[in-house]
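Here is the structure we will look at, set down as structure tokens.
Laboratory data are not the source of any read-out in this text; all were calculated from the coordinates shown. Because the structure is predicted, anything quoted here is derived from the model rather than measured. With ideal geometry, Cβ positions are generated from the backbone for all residues, glycine too; neighbour counts draw on all protein chains shown.
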Amino acid sequence: MLYSLYEASFYAATPLRAAARITRDFWSSPLNPARDSDIGRRLYANADLFANLTRRYGKPDWGIDTIEIDGQPVRVRLEEVWSSPWCKLTHFARDMADMRRAGRRTREPAVLIAAPLSGHYATLLRGTVEAFLQDHEVYITEWTNARDVPMMEGRFDFHDYIDHIREMLRVLGPRPHVVAVCQPGPPVLAAAALMAEDGEECRPGSMTFMGSPIDARLSPTVTNKLAEERPFTWFQTTMIDTVPPPHPGMGRRVYPGFVQLASFMSMNAAKHEEAHQRYLRQLMDGDGDGAEQHLTFYDEYLSVLDLTEEFYLQTVDVVFQRHLLPKGELEHRGRLVRPELITDISLLTVEGENDDISGIGQTQAAHDLCSGLPADFKQDYVQPKVGHYGVFNGARFRDEIYPRVRSVIWTAEMALAREPANAARPKRIKAA
């Protein structure tokens, strides 16, 4: 029913959307002598806003062709280095000739950025990637829109996510570094714990959790309270729908991305309304720069993807209702996940003072779970005056958070370089 209503509303608005586009093009045409009149700018602005609000938003481009490192432009090429029907691992390969001109002559640490699978595309982390490219070989998880995966590819659940993280860390080679942004915190910690227990040489050298619900019982937010107050059956019957044709995944049961988007926007409805009113004024006043910033943000924010039914419901159950990981009860493929067996992976947790998605303490909980880590392997940081988005993007992330993450990664990297050669392949750690 959800998808039917969504599709019906989109197609019902098609004639109006087409009329709005014609109006917008007419009043923005350089051949129209009245385009700079007050009425012309008003008609153009309203038509443009309507056309943008009612269109569909596809997966945005990364738009990272070059970055500046130490004042030197460095070309960047996107490479797919591993893939499954559910995810591709993208490497932002920096041109080595340009890197040498910038004074960088040695390979820098490999970092896997685990992007959230929570409704938005990985491109939401564009600013995060650009920051890490200054000092690292950056890889990121690009999760597939579930409605684009044919039924013949089977299921994808919470435990498949853990397996994907483990496999991608192996692709990166010995002791890579992993940064989990928001939702991936619990499965990434579980993957690291399993790899540590098995003594895998590709277990992380460091792990950073940013605004992650490691223990959602602490400082519960509106999102956490909703998950706890509603019975599990409510999520099954209310939030799940079937993908209709002509999508490749037709027949698949999913948590639609537009439902997640509606939830996010309803939490800050007044803020979004004010932003669109400001956009109207900017268009009518001829403020092209301000209008462009608005479009850039909402082109990303309104681009959403679907999650499989099994992944979404298991996440609700495991992370937000039964809290299995912090209670020491999470099992993966018949094995108990034991973060206390992690003994040599540096840990950094980052939280935002005003985070209304993952409250203060939820990410810090990783320190108690990783009780086998020495104190000097652990760091915690709470960024003042930022909300959830500011933990991984924006000026304060670039200037105050990223330098701390970089320090942890490079300190761990130097410690790993000092390890004796026979420490590269540790034996399996036996459970107590």
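Observations on the structure shown:
- For the stretch 317-330, putting each phi into the Karplus relation 6.51 cos²θ - 1.76 cosθ + 1.60 with θ = phi - 60° gives couplings of 5, 6, 8, 9, 10, 9, 6, 5, 5, x, 8, x, 10, 6 Hz, in residue order, rounded to whole numbers and with x for Gly and Pro.
- Built amide H within the under 5 Å cut-off of Ile214, gap 5+: Thr363
- Amide H contacts under 5 Å for Ala110: Glu137, His177, restricted to partners 5 or more places along the chain or on a different chain, H placed in the peptide plane at 1.01 Å from N.
- Where both bridge residues fall in the stretch 294-432, DSSP classifies roughly 25% of the beta bridges as antiparallel.
- Amide hydrogen neighbours beyond the local backbone of Cys87, cut-off 5 Å, H modeled: Thr144
- Charged side chains reduced to their Cβ positions (Lys and Arg at +1, Asp and Glu at -1) give the chain a dipole of some 440 debye around its Cα centre.
- Contour minus Cα-Cα distance for Glu353 and Asp38 (0.36 nm per residue): 109.1 nm
- If R0 equals 25 Å, the separation of the Cβ atoms of Arg335 and Met151 corresponds to a calculated FRET efficiency of about 0.30.
- Counting only Cα atoms, the stretch 56-167 measures 49, 34, 19 Å along its principal axes, largest extent leading.
- Counted over the chain, the DSSP beta bridges are approximately 50% antiparallel.
- Here the 3J(HN,Hα) profile of the stretch 126-133, calculated from phi with Karplus coefficients 6.51, -1.76 and 1.60 at θ = phi - 60°, is 4, x, 5, 4, 4, 5, 5, 5 Hz, Gly and Pro shown as x.
- Taking the convex hull of the alpha carbon positions in the chain and averaging its projected area over all directions gives 23.3 nm².
- Greater than 23 Å apart at Cα, pairs in Lys327/Lys385; Lys327/Lys378; Lys88/Lys378: Lys327/Lys385; Lys88/Lys378
- Cβ-derived FRET efficiency at R0 51 Å, Glu201 paired with Tyr6, nearest 0.05: 0.65
- The stretch 122-222 - Rg over Rh from alpha carbon coordinates, Kirkwood radius: 0.98
- Simple rule: put +1 on each Lys or Arg Cβ and -1 on each Asp or Glu Cβ in the stretch 62-135, find the dipole, and look at Trp86, Ile69, Pro109; the Cα lying farthest toward the positive end is Pro109.
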